[in-house]
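Heads up: the structure comes next, in structure tokens.
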Amino acid sequence: MSAQDVEYLETEEVYMQLNQSEVTGTDVGDDQDDHWDNNSTKTLLDLYLQNLDKFRSSKVKKKTVWAEIAHAVGNSPESCDKKFRNLKQTYVRLLKRRNRNEIVMIKWPYFEIFEQIYSENGEYRPDIQVKIQDNATETVTKAILSMAEPSKFEQEPDMGENSNGQSEESKRKLNRRRYTDFRKVALEMRNRQRTVEEKLDKLINIVQESNNIQRERNILFQQFLNSLNQT
């Protein structure tokens, strides 16, 4: 296997360093009565794909579709919805890594079915395209986190400074305070980014539903015109 040919387990190790729950699509706050294994997860995604037109239709309530899927899977509609969203986050993260040329081949077991869900005629749907674009906020956040790591130079005792009354203990306190401040900024930026993405998702869904409604109106209007021409 080449350095670029990354197996899923290797990818999993990377994701566990960032957020262990994101790899399997689970959350720390999940109901312990909900059981998700590979088979139930695969069933969930297969049923989602089968009902893809319903999820994209403005005339069908998503809650109704989730209720039908939940009955077949054996978990609650809320659990199925949350599970799918968490898996989607992992899918998007893998796409981002591929765009940054960190990996070439993705062997996450659910990747192909997500490609069927969110790829049309070789192009990703708008909400996915927005998410996988390089984000300046992520770059800045990583830079801040790297800056927060105490450098070897800062950790080494400086006799000149000690002679001026600055002890090693005060240096350690200063480094800890700097690290804490940087972490706060980084976490705040991540939270803001997550909020923006959620609002953008809602906006994209509204636009897509509006387009679907307009398309259906155009079809009805065309049918009306055709009926007039026939009379």
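Key figures for this structure:
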| quantity | calculated |
| --- | --- |
| Some residue of segment 110-117 being outside any helix (DSSP H, G or I) and either touching a strand residue (DSSP E or B) at 6+ places or on another chain (Cβ under 6 Å) or touching a residue at least 24 places away in the same chain (Cβ under 8 Å) (or both) | yes |
| Failed condition for C80, given (1) of a type in the set (A, V, I, L, M, F, W, C); (2) more than 30 Å from R183 (Cβ to Cβ); (3) modelled with pLDDT under 95 | (3) |
| Flag for L95 being at pLDDT 85 or above, assigned by TED's automatic domain parsing to the domain that holds N39 and in contact with a strand residue (DSSP E or B) (Cβ under 9 Å, 6 or more places away or on another chain) | yes |
| Every residue from segment 41-71 that is over 30 Å from R215 (Cβ atoms) and in contact with a helix residue (DSSP H, G or I) (Cβ under 6 Å, 6 or more places away or on another chain) | T43 |
| Any hit, segment 73-90, residues being β-branched (V, I, T), over 20 Å from Q129 (Cα atoms), surrounded by 14 or more Cβ atoms within 10 Å (Cβ to Cβ) and more than 14 Å from the chain's Cα centre (by Cα) | yes |
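The values are calculated or read from the model by the stated rules, or taken from the named source; none is laboratory data. These numbers were taken from a predicted model, which means no experiment stands behind them. Heads up, the Cβs are rebuilt from the backbone with ideal geometry, glycines too, and the neighbour counts pull from every protein chain shown.
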